[in-house]
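Comments concern the structure below.
Every number in this text was worked out from the coordinates using simple rules, so none of it is lab data. Note that the structure is a prediction, hence the values are computed from the model and not measured.
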């Protein structure tokens with residue numbers, strides 16, 4: 001299921017659902033997954049919520065369960081595609097977020113805190129400032145999330161790698 005955003009967001013990036021209204025109006029990507037443990041497949045990622053404010057994009061990744069109960073050291077990788085690719089790498093060690101990294105076209109940004117916020121508690125929340133993105137001529141952003149463990153991806157949303165997010169005020173997103 002993929003639902004488009006229905007409003008602009010104002011999110012406190014703290015890794016928790018601070019209030020019911022915080023993500024109200026967000027877009028939602030939730031795959032229909034069939035199979036699972038009986039078929040040898042374990043899913044860790046449940047859904048992605050996303051949306052925009054005037055100057056930031058917000059992403060929330062909800063695990064199926066607390067992934068750190070099963071995966072002691074894991075790493076979320078959230079990738080945005082536009083004219084340039086931007087990735088947020090969020091390593092989780094014993095249930096806690098280590099320092100996160102922001103990469104633009106595979107180069108790590110030094111001191112990303114003024115442009116990005118990342119938090120993990122029961123879920124992963126990310127905020128990236130609009131100025132990080134090269135949006136000239138772009139009508140869409142691509143978004144994909146992967147959970148890594150032991151140097152390998154153990155779950156990916158969506159399964160094909162990315163889904164498209166249309167830009168423009170009519171989509172409650174930045175103008176294109």
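For the chain, compute Rg over Rh where Rg is the Cα radius of gyration and Rh is the Kirkwood radius from the inverse mean 1/r over Cα pairs. That ratio equals 0.94.
Can you show me the helix-derived [θ] at 222 nm for the chain, built from DSSP H runs with n ≥ 4 at -39,500 (n - 2.57) apiece and divided by the number of residues, rounded to the nearest 500. Mind showing how you got there, number by number?
Working: 1 runs with 4 residues, N = 176.
So the calculated ellipticity at 222 nm is -500 deg cm²/dmol.
Under the definition of Cα pairs under 8 Å and six or more residues apart, what whole-number percent is the relative contact order of the chain? Rounded, it is 23 percent for the chain. Residue separation of residue 30 and residue 84 scaled by 0.36 nm, minus their Cα-Cα distance, works out to 16.9 nm of gained length.
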